[in-house]
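A short worksheet on the structure shown next.
The values are calculated or read from the model by the stated rules, or taken from the named source; none is laboratory data. Just so it is clear, the model here is predicted, and its values are computed rather than measured. Because the Cβ atoms are built from the backbone with ideal geometry, glycine has one as well, and the counts that use them run over all protein chains shown.
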Amino acid sequence: MSEKNRPRTLMPPKGPGPGPGGPGGRFMHPGAKAKNFTGTIKRLLGYLKTVRVAILIVLIFTILSTLFNTISPKLLGGFATSIQSTVIRRSLYNSVTGILGKIPEGLTGQEAINLLPESVTQNMTENIKNELLSMDFSAYPEIEYPYIGRIILTCLGLYALSAIFNFVQSFVLASITQKTVYRMRNEVKDKLNRLPISFYDKYTHGEILSRVTNDIDTISNTLQQSLAQILSSLVQVVAVLIMMLSISPILTLVTIFTLPVIILITTIVAKHSQKHFARNQAELGNINGHIEEMYTGHKIIAAYGREEAAIEKFDQINQRLYTAGWKSQFVSSLIMPLTHLVNNIGYLLICVLGGLLSTRGIIDLGGIVAFTQYSRQFTYPIVQVTNIFNILQATAAAAERVFEILDEPEERPDDEGAAEIADPKGYVEFKNVKFGYSPDKILINNMNIKVEPGQTIAIVGPTGAGKTTLVNLLMRFYEINGGQILIDGTDITKLKRSNLRGMFGMVLQDSWLFNGTIRDNIAYGREDATEEEIIQAAKIAYVDHFVRTLPKGYNTVINEEASNISHGQKQLITIARAVLSDPAILILDEATSNVDTRTELLIQKAMNKLMKGRTSFVIAHRLSTIKNADLILVMKQGDIIEQGTHSDLMKQNGFYAELYNSQFMGANNSQTA
Amino acid sequence: MGKIIKGMGKYGWLYALSVIFVGIQSVCELILPGKMQVIIDEGITKGDNRVILKSGMEMLLFSAVIAFSAVAASLFMSISGSGFAKRMRRMVFVKVINASNNQINQFGTSSLITRTTNDITQLQQFIVMSRLAIFAPFMGLGSVIFAISEARPLYWIILLAIILLLIAVIIFFRLVSPLFLSLQKKLDRINLVLRESLTGVRVVRAFNRIDRDKLIFNNANADLTKTSLKIARIMAVMMPLAMLTMNGITVLVMWVSAGYIDTGTLNIGQMSAFIQYIMHIMFSLMAIINIFVFLPRAYVSIERIDEVLSSENEMKQTSALQKEKAKTGLEFKNVTFSFKGAEKPVLKNISFTAKPGTITAILGSTGSGKSTLIDLIPRFYDVDSGHILLNGVDISQMDISTLRRRIGLVPQQALLFTGTIAENIRYGKPDATDEEVREAARIAMALDFIESKPLKFDEPVSQGGTNLSGGQKQRISIARAIVRRPDIYIFDDSFSALDYKTDAALRKNLVKEIKDAIVLIIAQRVSTVLNADQIIVLSEGEIAGIGTHSELYSSCEVYREIVLSQLSEEEIA
């Protein structure tokens, strides 16, 4: 969530000179650590293999763009030097003419010094004396427009080239990144489709979602922004260092002295801010959890009058969040002003020291001007570079979470030349089936049943008896640990999964509808269904009637909150969907528990129609269904403990009989009362 | 909006303080280039070391002030931003917790959650950013003044820079802004699509629609990628162009300055100061633009929060207490009720009496108004017309919390809270003794499974009770109601997740414990209501019949249909 909503700013990359904002933003990364850093990074880079050439272009263009930008300050320094020298020469020319009145032909600088009075020459600084010595008095000193014009044009050219290279680099990188991320998302999604259902029982939806969106987004950001930034920062540091050395080794030394201070500040602040940031994230999670829980339980809180308790707990978490929040924010915002201060001190030292050196003629004005620019271009990349590790860590951690999904063991693929049953009859046989959700906890030890086409099998048992397990096995959502399940005489593991699942129609406990129209949701049952067939199915499931009372009829969009459609109606739509799919075998998973009495009655009629001629497994709650079933499977704690018809089981006088009799207790009571 | 400003409280002052420090920082930053100009023009050019040292010391002083102000501004900003968020979050939370059901329905739970979490975070981010933007116009204006006072002849370059920037802004808002909006929508879309295929994973596979599922995701993904790519590409053009413009303007200033320096109207130091001011102007404008990028999003959040804060709880709060007469029970007198904005009433002319010590069962089809009927009793909603009387007193004349204290509600979906099992039962009566909790669990048939847990009553319940089965949750939620020993028990289809055996045993226990309480049960199974003292059959918001099982079976057609669908003839007999 936090990554998704990260503000995207219009700020250009830091140019020379101080400005608001800065590289502090990237410090806001949580201190998540990858378990296998190098391995993950290597694997992530593997994604870029196919675009090797493009990556090479990006690298080269980044380096060129940075280099061209780095040359300009020194050239512009030459511009300043040239103009300043003209200014100084003019004032010297004027003083000389002031003293001599008229300048003699062929006067040299040395002669001029000798002509000037002692009082003037004594106070003259080295650099001015040097100017005087190299002066030509034959003409009034003019600004060297051709020379400075060339400088200006060269700089403009360099800037333009740098911009073009930068553009090409960003443009290519954008394509690479987006394509890579697109591929990665699809890859994860495809993987999700190949994973067994047990995977979905292991991870929460939120976790999976966050990996596909937030984590991939983090990777995308690193590829898009950080990589080029890191490279250009490194190049810039080296290039600037070379330029500075070429101007003045002494001043370079001064700048380098500020370096450890800046690195120290950056690392200390980053360390502290990560600690606070992690706490902040944790408290944010806590408060969001509390809010979600309290809002969902609003009715209960109101009914039991526990508003104060809810608010009290909220206040405690909120206070902790506040403390962690301002601390993490404050500490991470320290980087900018502190490095800025160190930077300014360095800048000042350069100005003062440079100024003093220039009066001795060791460095010229242009050198100082250029140097001040370089010193700024030097520190900010350093701050960036010290943060590289954090960014890479966070990225590796994100990539690791994505790879974790990609490395999950997949559903066993269909066998080579797996069979297909074109016209399923609905014979179902369980032969010595052994199953447990984990191999060391076997639930079903030896299950044997034989079902003829068109029979109804009622599955009964107390809550939590594992009645959905049978569904999981029939549809091959889980693999069995031993024995065989046969449909029309064929082992289901020898069948194509798509063929197997196509034989079933099911109505699950939670009516799953997707964001789309009612028509689309019903049509989900069969790909090529016509409008008439859809409406026919809707009529059978008693959907048609209420749909027609809706303003938009079948075009009513079922949204996430689906406030326009009741739970019972949703259930009806899923039944219509099953009707449309016209399956050989039907699985009704407590299908009507959300539809109540009168509606249930209507559904019952439709169900009976639907069940006719089809093998039906019904996780039953209704006694009439159970009593009319051809076979009753009684489940307890995941195992089938009894099986047979109603009268068989009553005769056995076992668990089923007990269950059945307890049902009668209510009826008996009312009769005796 | 006013509520939000008021919501800042003392943090408003800290915010103001932070803005002041940003101001100090900005002014000092404007002074620095001037000092630098002195060093160049008076010091270096004239070879005066003392000027260099003096100006250098001054610059150092200002730098220290800048650093100090920046740290102070950050400190006050962090505290006021977080504090503001804290207060706003609390305001919204308290409002929602005390909201009526109508208010909750109006917004929807998930929307309220987003409003209390994401929207507040958005607002906080905006406030933190705004500190820079508030001062940016002044900083920009200050830079213009300083720049012109340093180098008057170059004023037209400032105009040029501003015009270029404005063009960039217009392009940005025309091109990029809408793209950002659509990017957000596409992100939401991919989230939605993925969430759907996660929740429906069994259905997708059962219907063999993996290809369709894949196609929908691929489309959403391609769509998202297309927009992201477009933005990244526009940015790839804009960023170098912006840099080039800035550098170009710097070079332009230098070239033009050369001419003025030639005629003696400008010094080199002034030129260099001017360049620095131009940079300041550019950055100030950028900060302002940035705020405009965020403003629409922040504004949406502000509006969404404001909607919650200004929504009114329509429930009448009365303190005038009437004395209750004899225990005559709960009476509905011609009660009619319709939901806000609905055309037709959900309940029409409902009249019945539930006497103390008796069980009243309510039966009816989807949408017949059963749940709504019982929601009226704890005053989740007030009736449109008619009266609900408890022991002769109209409940609309009662204090809501006092009324609710006398009700034990067991909702359709057993909702438990994070904590232990004991804490969840004790939710019904905070000061219940261990004995009382245990007894309630026994009556609710929950004792056996609780005792089988490793930590027994101290077994933790995770959020939403996901570590318990549906039946276990339901029994704890029943125990929670029983521990209150309320005057009125309301069971809203509370036995659906229980198997027949537990259901029957539980009801048997209940009958013994009720004594003179009023009991209302909504049920799906006829067997659950067979032994009720009276059964109310609802049909489309109206009462289709009231009576005992045998009375209704012979007189009420709707009832007979329901019974026949569930029981065979021999069971009915």
Test: residue in region A:278-301 that is touching a residue at least 60 places away in the same chain (Cβ under 8 Å), farther than 30 Å from B:S401 by Cβ and within 26 Å of the chain's Cα centre (by Cα): yes
Yes or no: A:D520 of a type outside the set (G, A, S), closer than 23 Å to A:K425 by Cα and out of contact with any Leu (no Cβ under 6 Å at 6 or more places or on another chain)? no
Looking at B:G471, B:G465, B:G392, B:G386, can you tell me which residue is more than 14 Å from chain A (Cβ to nearest Cβ) and at pLDDT below 85? B:G392
When every residue in region A:320-369 that is among the charged types (D, E, K, R) and crowded, with 20+ Cβ neighbours inside 10 Å is compared, the one nearest to B:V128 (Cα to Cα) is A:K327
Within region B:250-295, work out how many residues are among the β-branched types (V, I, T), outside any helix (DSSP H, G or I) and in contact (Cβ under 8 Å) with a residue 24 or more places away in the chain. 1
Could we say that A:T493 is within 14 Å of chain B (Cβ to nearest Cβ) and of a type in the set (V, I, T) here? no
Quick check on B:G108: is it within 7 Å of chain A (Cβ to nearest Cβ), out of contact with any Leu (no Cβ under 7 Å at 6 or more places or on another chain) and surrounded by fewer than 17 Cβ atoms within 10 Å (Cβ to Cβ)? yes
Is it the case that B:R404 is assigned to a helix (DSSP H, G or I), at the interface with chain A (Cβ under 10 Å from one of its Cβ atoms) and among the basic types (K, R)? yes
The correct count of residues that are surrounded by fewer than 20 Cβ atoms within 10 Å (Cβ to Cβ), within 7 Å of chain A (Cβ to nearest Cβ) and not aliphatic (A, V, I, L, M) in region B:58-98 is 2
Those residues that are in a helix (DSSP H, G or I), among the charged types (D, E, K, R) and over 30 Å from A:F199 (Cα atoms), I need them from region A:361-410; list them, please. A:R376
When residues of region B:412-438 are filtered for being without any contact (Cβ under 8 Å) to a residue 24 or more places away in the chain and away from chain A (no Cβ under 14 Å), how many remain? 4
Before we move on, is B:R174 over 30 Å from B:N267 (Cβ atoms), without any contact (Cβ under 8 Å) to a residue 24 or more places away in the chain and not β-branched (V, I, T)? yes
Please go through region A:111-161 and pick out each residue that is of a type in the set (S, T, Y), under 60 Å from the mean Cα position of the chain (by Cα) and outside any helix (DSSP H, G or I). none
Top-ranked residue in region A:419-441 [being modelled with pLDDT under 80 and assigned to a loop (DSSP other than H, G, I, E, B); ranked as surrounded by the fewest Cβ atoms within 10 Å (Cβ to Cβ)]: A:D440
Taking region B:504-514 and the residues there that are more than 8 Å from every other protein chain (Cβ to nearest Cβ) and not aliphatic (A, V, I, L, M), the one that is surrounded by the fewest Cβ atoms within 10 Å (Cβ to Cβ) would be B:K512
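Conditions tested, residue by residue: (1) farther than 30 Å from A:V181 by Cα; (2) within 8 Å of chain B (Cβ to nearest Cβ); (3) in contact with a strand residue (DSSP E or B) (Cβ under 6 Å, 6 or more places away or on another chain).
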site: A:M336; (1), (2), (3): yes, yes, no
site: A:N344; (1), (2), (3): yes, yes, no
site: A:G367; (1), (2), (3): yes, no, no
site: A:I388; (1), (2), (3): no, no, no
site: A:A396; (1), (2), (3): no, no, no
Region A:348-375 residues that are in contact (Cβ under 8 Å) with a residue 60 or more places away in the chain, paired with ones that are not acidic (D, E) and not in a helix (DSSP H, G or I) (beta carbon under 7 Å, 6 or more apart): A:G354/A:I363; A:L357/A:I363; A:T359/A:T125; A:T359/B:G47; A:I363/A:S248; A:G367/A:S248; A:F371/A:S248; A:Q373/A:P16
Exactly one of A:L406, A:L392 is surrounded by fewer than 18 Cβ atoms within 10 Å (Cβ to Cβ) and over 30 Å from B:T250 (Cβ atoms), and that one is A:L406
Need pairs with beta-carbon distance below 6 Å; first residue among the aliphatic types (A, V, I, L, M) and within region A:506-526, second modelled with pLDDT under 80 and crowded, with 22+ Cβ neighbours inside 10 Å; sequence gap 6+ or separate chains. A:M506/B:A206; A:V507/A:L588; A:V507/A:A591
Positions within region B:363-411 being closer than 18 Å to B:D492 by Cβ, free of Cβ contacts under 8 Å to residues at least 60 places away in the same chain and of a type in the set (S, T, Y), in sequence order: B:T366, B:T372
Condition broken by B:I278, with the remaining ones in (1) closer than 30 Å to A:A370 by Cβ; (2) within 48 Å of the chain's Cα centre (by Cα); (3) facing another protein chain (nearest Cβ under 9 Å) satisfied: (3)
Among the residues of region B:191-216, what is the count of those that are in a helix (DSSP H, G or I), within 7 Å of chain A (Cβ to nearest Cβ) and of a type outside the set (D, E)? 13
Somewhere in region B:482-500, is a residue crowded, with 19+ Cβ neighbours inside 10 Å and in a helix (DSSP H, G or I)? yes
Show me the strands (runs of 3 or more DSSP E) found entirely inside region B:330-371 where at least 3 residues are more than 14 Å from every other protein chain (Cβ to nearest Cβ) and at pLDDT 75 or above. B:330-337, B:347-354
Please state which one of A:G305, A:G289 is in a helix (DSSP H, G or I) and either at the interface with another protein chain (Cβ under 7 Å from one of its Cβ atoms) or over 19 Å from B:M88 (Cβ atoms) (or both). A:G289
Please verify whether B:D306 is more than 7 Å from every other protein chain (Cβ to nearest Cβ), out of contact with any Pro (no Cβ under 8 Å at 6 or more places or on another chain), within 30 Å of B:T116 (Cα to Cα) and not small (G, A, S), treating the condition exactly as stated. yes
Among the residues of region B:8-56 satisfying the criterion of being acidic (D, E) and part of a helix (DSSP H, G or I), which is surrounded by the most Cβ atoms within 10 Å (Cβ to Cβ)? B:E29
